[in-house]
Amino acid sequence: MKLAIPKEIRRGEQRVALVPAELARISGAEIHVEHGAGELALFPDSEYEAAGASIAGDAAALYKQAELVVKVNPPSLEEADLLPEGATLLSFLAPGSNLDVVRRLAERKITAFSFELVPRISRAQVMDALSSQATIAGYKAVLVAANRLSKLFPLFMTAAGTVPPARLLVMGAGVAGLQAIATARRLGAVVSAYDVRTAAREEVKSLGATFLELSLEAQEGSGGYASAQSEDFVARQQDLIGTHVAGSDVVVTTAAVPGRRAPVLITGAMVAAMRPGSVIVDLAAGSGGNCELTKDGEEVVFNGVHIIAAAELAATVPTHASSLYSRNVSSFAKLLVKDGQLAPDYSDEILDKSAVLIDGTVHYEPARLALEESAK
Ligand code: NAD
C-alpha cells in the first residue's frame, strides 16, 4: 500500500499529517513524502528518509501513485484533482461546509474519511484529532491574549507596588476551554468559565476556576457535544453574561455546536462595555465566531478592545501539533489497512461514521442531502 504525505498548502499552515517517528506504526506501507512537507514543523526530509520514506519532488509526483493520502487540511479543488481515481483520503474535511470539494472527490471515485466525524467512543479517543488540536489551541489562545494584554497576568507584590491579577473568562469549557483555563491559572490569572453542558461545571472547578452559575436551562446535547440553544436562551445568556464580560481583562471563547454556526455569545454592546485594552480571543472564528465583531482571519480593535480571530492556533505550534495529529492519523490508518492492503471494514462504527465518501458515493448523509439540494 502506497501512503502519501503531501506538503500542506493552506496559508499559515505549518503542520504535517505524519511525523517521521510515527511512520513505523503503519506497518507494511510504502511511504512517500513530498519534499519539504515537514520542514515548517521542523521535520526535515532527511528524517523521513531515515525512517524509510521516499521523497517526491513535488505534489504531482507524490500524488501520482498514492493509494492512501493523509493530510491535515481539507484538499483544495486542485489537490482533489491530483488524487488518483479510487484513492483513499484521511484528513480534516469539514464535510458540511466543503460541498464543492466533496462533489469533486465524488467525481474522482475517492473514499474519504473525515476527522470531524470520528465518533466520541473510548476506542476512538486515540484518533480524536479535534481534541488533540483543540488542546493546543486552548493553550495558545491564552498565550496570544497574554502577549496582547497591556497588563500582567499574575498578582505581583513588589516594593514598587502591588499589581492585581488579570481576570479571564472562558466561554465554552470543552477541550480547548479547559486547556485555556489550566494555562491561564498557571500564569496566575483569576479565571471564571461558563458552558451549557452541566458536566463542565465540575471540570472547571477542578482546575481552580469559578463556574458561572447563570439561571438558565440549557438544552443538553449528545455524544459529549452541546446542542444548539433557542434564540430566547441566547438572548438571556447574553444578558446574564454581560457584567462578567465587562469585568474581564481577557475573554477566550470556544463555544461550538457541531455542524452549525457558532452561537453569538458576545454582542457589540457587550464589547463596548469592556475596558479599553481588554482582549477577546475567539477560537470559534472559523465557524462564524462567538463575538459579533469577530472578523475571520483578522484582529479587530473596537473601542480599544482587541478582538482576535483565532481559528487555527494549533498550526502555530506545528511541532507538537503535528506529533499529536500523527498519532491520530496512524491509529486511524491501522483500522484501514489489513495485511499491507487497504481493506476498510465498514461494520466498524468508527469507519462507518467517519466516512464521507466510499468509492465516490457520498456516505455522509448531511453532505449527500446538501448536494442533492444544490443540484435542484
Ligand atoms: P466543541 O468544540 O464542540 O465546543 C466547545 C464547548 O462549547 C463545548 O464544551 C460546548 O458545550 C460549549 N458550548 C456550545 N454552545 C455554548 C453556549 N451557547 N454557551 C456556552 N458554551 C457553549 O466541544 P469539544 O471541546 O470538542 O468537546 C466537548 C466535550 O466532549 C469535552 O469537554 C469532553 O468532555 C467531551 N469529549 C469526549 C470525548 C470522548 O469521549 N471520546 C472526546 C472528546 C471530547
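Read-outs throughout are calculated quantities, based only on the coordinates presented, and are distinct from any laboratory measurement. In this text, all values refer to a predicted model and were calculated from it rather than measured experimentally. Backbone-built Cβ (ideal geometry, glycine too); neighbour counts: all protein chains shown.
With K and R counted +1 and D and E -1, the other residues having a Cβ less than 13 Å from that of SER248 yield a net charge of +2. Peptides 129-137, 339-347 ordered by packing proxy, namely the average of other Cβ atoms within 10 Å per residue, highest first: 129-137, 339-347.
Within 14 Å, Cβ to Cβ, of LEU117, how many net charges do the neighbouring residues add up to if Lys/Arg are +1 and Asp/Glu are -1?
So the surrounding residues net to -3.
Of the residues THR267, VAL337, TYR325, the one whose Cα sits farthest toward the positive end of the charge dipole of the stretch 257-371, with +1 on the Cβ of Lys and Arg and -1 on the Cβ of Asp and Glu, is THR267.
To one decimal place, what orientation-averaged projected area in nm² is obtained for the convex hull of the Cα set of the stretch 5-162? Display every interim value, and only then the final one.
Values: hull surface 53.7 nm².
Mean projected area of the Cα convex hull: 13.4 nm².
Using the Cα coordinates of the chain, the gyration tensor eigenvalues translate into equivalent-ellipsoid semi-axes of 39, 24, 18 Å, sorted from longest to shortest.
About its Cα centre, the dipole of the stretch 181-282 is roughly 320 debye, where the only charges are +1 on Lys and Arg Cβ and -1 on Asp and Glu Cβ.
Packing, as the average of other Cβ atoms within 10 Å across residues, places the peptides 112-125, 317-330 in the order 317-330, 112-125, highest first. Suppose we keep just the DSSP beta bridges with both residues in the chain; what percent of those would be antiparallel, to 5? Roughly 25 percent of the beta bridges in the chain run antiparallel, per DSSP. The C-alpha atoms of the chain define a longest principal axis, and helix 365-375 lies at about 80 degrees to it. The residue among LEU216, VAL190, VAL175 whose Cα reaches farthest toward the positive pole of the charge dipole of the stretch 171-244, with charges on the beta-carbon of Lys, Arg, Asp and Glu, is VAL190.
Under unit Cβ charges (Lys, Arg +1; Asp, Glu -1), what dipole magnitude, rounded to 20 debye, does the stretch 88-210 have relative to its Cα centre?
Roughly 120 debye for the stretch 88-210.
With R₀ fixed at 45 Å, the C-beta to C-beta distance from ASN303 to ARG10 puts the FRET efficiency at about 0.90.
Sorting the segments 204-211, 37-44 by their residues' average number of neighbouring beta-carbon atoms within 10 angstrom, most packed first, yields 37-44, 204-211. Normalised by residue number, the volume inside the convex hull of the Cα atoms of the stretch 90-173 is 149 Å³ per residue. Straight Cα distances below 13 angstrom link LYS64 to the aspartates and glutamates GLU34, GLU79, ASP81, GLU85, with same-chain residues fewer than 8 positions distant left out.
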